[in-house]
Amino acid sequence: MDSNTSASILDAAIPEGPLAEKWSRYKSHAKLINPANKRKYSIIVVGSGLAGGSAAATLSELGYQVKCFCFQDSPRRAHSIAAQGGINSAKNYQNDGDSVWRLFYDTLKGGDFRSREANTYRLAEVSLQIIDQCVAQGVPFAREYGGGLANRSFGGAQVSRTFYARGQTGQQLLLGCYQALEKEISKGGVKMYPRTEMLDLVMVNGHAKGIVVRNLITGEISSHAADAVILATGGYGNVFFLSTNAMGCNVTAALRAYKKGAFFANPCYTQIHPTCIPVSGDYQSKLTLMSESLRNDGRVWVPKSREDAAKIRRGELKATDIPEDSRDYYLERKYPSFGNLAPRDISSRSAKEACDDGRGVAKTGLGVFLDFSDAIRRLGKDKIAERYGNLFQMYEKISGENPYEVPMKIYPAVHYTMGGLWVDYNLMSNLPGLHVLGEANFSDHGANRLGASALMQGLADGYFVIPATISNYLASQKPGSVNTAMSEFRQVEQEVKERIDTLMTVQGKRSVDSFHRDLGMLMWHNCGMSRTDAGLREALQKLPGIREAFWKDVRIPGRADGMNMELEKAWRVADFLDFAEVMCHDALTREESCGAHFREEHQFTEEDDVVRNGYTNPGEAKRHDDLFCHVSAWEYKGPGVDPVLHKEPLVFDEVPPSVRSYK
Amino acid sequence: MNLTLKVWRQSGPQATGHIETYAAEDIPEEASFLEMLDIVNVGLIEIGAEPIHFDHDCREGICGACSLTIDGIPHSKETGVTTCQLHMRKFSDGDTIWIEPFRARAFPVIKDLMVDRSALDRVIAAGGFVDVRTGSAPEANAIPVGKETADAVFDAATCIGCGACVAACRNASAMLFTGAKVYHLNNLPQGQEEKDQRVLAMVRQMDAEGFGDCSNHFECEAVCPKGISVDVISKLNRDYAVAVAREGLAD
Ligand SMILES: Cc1cc2nc3c(=O)[nH]c(=O)nc-3n(C[C@H](O)[C@H](O)[C@H](O)COP(=O)(O)OP(=O)(O)OC[C@H]3O[C@@H](n4cnc5c(N)ncnc54)[C@H](O)[C@@H]3O)c2cc1C
Ligand code: FES
């Protein structure tokens, strides 16, 4: 595996000047397109979630001609709808010492110093405008009695800066954004293509100029051309089969771009969320998240003794039978100042450790308690119901247990992917014209994302960043210079049709899901919450086998020239199978632990000074800043060939990397 | 548990549909209703038959994609749940379950249990928004909203756009859906400027899409997975009447 550190390939295009002034300077100097010319430019936006929806609506307001695509039947159903907990903003309405700087610092530290300072700072800065915009749209955020906006605190932060709309923040933000999008659709600025899936990217003279799509109702394959392409297609968490993502979330758009030359950055950074409902059986199709906001009032514990835990699993003891002094509130014990609000990677690994130690409490052994009895005693049931009513209801519907009476059982599950296509400060990938927003880019979260910051990033990218940066690219392009009659489009259409034909003609014996499950199992065990050199090599060895089996034995009934859900799934799973490989390569070559990427070989021990002097605990992630303070950007080199690693060095001018401690 | 399913199959928008009978065997009671259908579908795929098509995505009751009429009732007889939130523990071994699409004139069938609900998007596009250009918003706390108002509008804003209200209504009316959005926006200070225009445009679009009138049977409220109250319909009628009157004066 070669590596290439030449900065010319990966120029992040970070503006000059002091950190706090970069974005305003950038905006003052960015190339503009005059209002009369804007309507001559067309832009494709793939995705209608918070990132894509806000971008499409705003670009249309500016006067560009926008085409927006999503695979759901309506843009309102993008996966962003499912976000529960909230969105961060440095408004400091609580007067508790928050500031743009502090939000920047927390996000950078939370990401374990593996993100770009300038991007992270811009995110914190733009967070202020996001809340203004959403409130003006009528997003019904929680309010105080006096009429002002309410906040709560979220994992990894010591200030209260999270804005929320009950446990449905993502829904309300997305509806605000969807309504803005529908407004632009009705004005004719956006043409919406629901139930339309992008299956490939079209490059013309080295620039991204279009996409090939499948109409999911008729099966028709067609092309769309534009002056620039934006991907806002979400994350790839479903590579694990089971995750908290919606069933349709996929890596196709990003993977297809990768195969066309876009670099995939940090694919191994995948976040495992600590509070999900544990797996109950192998029929299970997805996992359900319980918002992390629950950790504000819920206390996480397992029994101190393995015997008690075993009895709970067998149903001989109940949680309430375990006396206070026989409980291990392990987060409060290990991280006294953050307690139950410790960041996600830390909380998740701690749950895994407790369960690996034989003290898990769900039937499968994989579960810990999240207990509200103290909070209910302290605040009353009504207050708890007001804060978390719908989450409690959701839990009861799924588990059949009433969390007002017995503690919830939770376990970590795959939730968010920090990795994504490499982009520069303009949010443009290394392929000119191809811009990537939201969870689909490698973004601003480094190796670990703090709660309530994905919604912030998606909306920052879509409402405020891309509308200001895309003109930099467009100004160098003659509008309308590309059309779908060009041979580049014909050729990609042909490739797409051939791949569909190949899938349809296998006619083997197994369902698509059965392969997806095999892939997910392998990735969860070997490239999941904790990783080893041997495990990753094993995964890389086994992946080709699953892929071959898939292409030999998958069965897709029905036809390709109409609605066919199995075909849709098959295309996505075929892409996940290819993607898994680059993810394992990335995890293997990153020989350190950082944030959500935990390599068992690299953890602090009693030997380390920072442990001996009490600054951090043994078993915490150990970074190697001397060797790995970089973004890993992977270049595709063809089927069966190992991808090539390029490194973008990360430079920290304002905040020197330190050992993360949440004690 | 073992069940008998009576499922609506329809190969395409133009095709005629029919009820097909399937055996659903060895279904764990912890499974969700859609996971039960997944199990049945794997069986169908393995014998080369086309799986039963249905819309779904989040599988946690928030995206509004899932849309099955179960034993004659949209999202089943359980209250406050979407189809994807229904669990098999609510059924008994040996039950026969009828599964049909959401039925309404404005929701043509695409395939099997999947329908086209884009009419609802067009009702929103007609006026279900606050027209505020990105970047032009005032400071957020400059617009105070009392907690009671905030809570009340939230109860309406929680609509997931599934269309169960339409499917449950004998007139296939979309008044609960439209009323919820009008209530949400017309009761916030941010929504005042476009109040009349919004309600007029949305109601007219609703009529143009072929949704029927409300004849006060309130089946919509009973099936709404988010428990949206029919009060939003009377508010809609009032806002509409006021807007029509004002429109008349302006003429
Ligand atoms: C259960 C859950 C709870 C969460 N809670 C929070 C929270 O409280 N706070 C927070 O900050 N973050 C939260 N997150 C994370 C956050 O919701 C997501 O990261 C964010 O919403 C992603 O937005 P997006 O716009 O990038 O992508 P998405 O919302 O996933 O949208 C992707 C869009 O791309 C389209 N698309 C994808 N592929 C194709 C294709 N090939 N062709 C055409 N269209 C395509 C889809 O149709 C969709 O419109 C949560 C995530 C989950 C899973
Ligand atoms: S699948 Fe999303 S609400 Fe049922």
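Odds and ends about this structure:
- Heavy-atom accessible surface of the protein assembly as shown: percent carbon and sulfur, 1.4 Å: 49
- Antiparallel %, DSSP beta bridges [both residues in the protein assembly as shown], to 5: 70
- Since only A:Val482, A:Tyr26, A:Asn95 are under comparison, the one whose Cα sits farthest along the positive direction of the charge dipole of chain A, derived from C-beta charges on Lys, Arg, Asp and Glu, is A:Val482.
- The residue among A:Ala342, A:Val361, A:Ala310 whose Cα reaches farthest toward the positive pole of the charge dipole of region A:274-413, with charges on the beta-carbon of Lys, Arg, Asp and Glu, is A:Ala342.
- Principal axis dimensions, largest first and in whole angstrom, of chain A by Cα: 74, 60, 48
- For region B:71-97, a reduction of at least 10 Å² in accessible area between the chain on its own and the assembled protein chains (probe 1.4 Å) is found at B:Gly80, B:Val81, B:Gln85, B:His87, B:Arg89.
- Euclidean distance of C-alpha centroids, region A:178-255 and region A:473-502, integer Å: 14
- Centroid-to-centroid separation of region B:142-205 and region A:551-612 [C-alpha atoms, Å]: 42
- Cross-link pairs exceeding 24 Å between alpha carbons, from the set A:Lys22/A:Lys622; A:Lys40/A:Lys209; A:Lys363/B:Lys90: A:Lys22/A:Lys622.
- Of A:Gly111, A:Gly148, A:Ile44, farthest towards positive along the dipole that unit charges on Lys, Arg, Asp, Glu beta carbons give region A:42-159: A:Ile44
- When chains B and A come together, the accessible area they lose, probed at 1.4 Å and totalled over both chains, is close to 6000 Å².
- Net charge contributed by nearby residues that have their C-beta within less than 12 Å of A:Tyr193 (K/R +1, D/E -1): +1
- Degrees, to the nearest 10: A:344-356 long Cα axis against longest axis of chain A: 50
- Spatial offset of region B:18-51 relative to region A:18-66 amounts to 46 Å, using the alpha carbon center of each.
- Length-normalised contact order of region B:3-111 in % [C-alpha pairs under 8 Å, at least 6 apart]: 34
- Residues of the protein assembly as shown: accessible area per residue with a 1.4 Å probe, Å²: 35
- The dipole here belongs to region A:57-214: it is taken about the Cα centre, uses +1 on the Cβ of Lys and Arg and -1 on the Cβ of Asp and Glu, and is about 300 debye.
- Net charge of the neighbourhood of A:Phe372, taken over other residues with C-beta under 12 Å away and scored Lys/Arg +1, Asp/Glu -1, is +3.
- Here the calculated FRET efficiency for B:Asp151 and A:Asn613, from their Cβ-Cβ distance with R0 = 60 Å, stands at 0.75, rounded to the nearest 0.05.
- Value of Rg to Rh for region A:339-493 (Rh from inverse mean 1/r over Cα pairs, i.e. Kirkwood): 1.17
- Rounded to the nearest 10 degrees, the angle from helix A:100-110 to the longest Cα principal axis of chain A is 80 degrees.
- Relative contact order of chain A, defined on C-alpha pairs under 8 angstrom at six or more residues apart (%): 21
- Rounded to the nearest 20, the size of the Cβ-charge dipole of the protein assembly as shown about its Cα centre is 1180 debye, with Lys and Arg at +1 and Asp and Glu at -1.
- Debye-formula intensities of chain B, expressed as log10 I(q)/I(0) at q = 0.10, 0.12, 0.16 Å⁻¹, are -0.55, -0.74, -1.13 (one equal scatterer per alpha-carbon, no solvent).
- Dividing the convex hull volume of the alpha carbon atoms of region B:3-111 by its residue count gives 107 Å³ per residue.
- Within region B:85-183: Cβ-based charge dipole about Cα centre, in debye rounded to nearest 20 (Lys, Arg +1; Asp, Glu -1): 280
- Per-selection Rg to Rh, region B:118-250 - Cα, Kirkwood hydrodynamic radius: 0.97
- With q set to 0.15, 0.20 Å⁻¹, the log10 of I(q)/I(0) for region A:164-238, from the Debye formula over equal scatterers at the Cα positions, is -0.74, -1.09.
- Taking the inverse of the mean reciprocal distance over all distinct Cα pairs, the Kirkwood hydrodynamic radius of region A:274-413 comes to 15.0 Å.
- Nearest 10 degrees, 0 to 90: helix B:195-208 Cα axis against chain B principal axis: 40
The values are calculated or read from the model by the stated rules, or taken from the named source; none is laboratory data. In this text the structure is predicted, and so the values were computed from the model without any measurement. Using ideal geometry, Cβ is built from the backbone for each residue, glycine included, and neighbour counts are taken over all protein chains shown. To get the accessible areas, we keep the full protein, side chains included, count just its heavy atoms, and leave off ligands, DNA and RNA. Shrake-Rupley method; radii C 1.70, N 1.55, O 1.52, S 1.80 Å.
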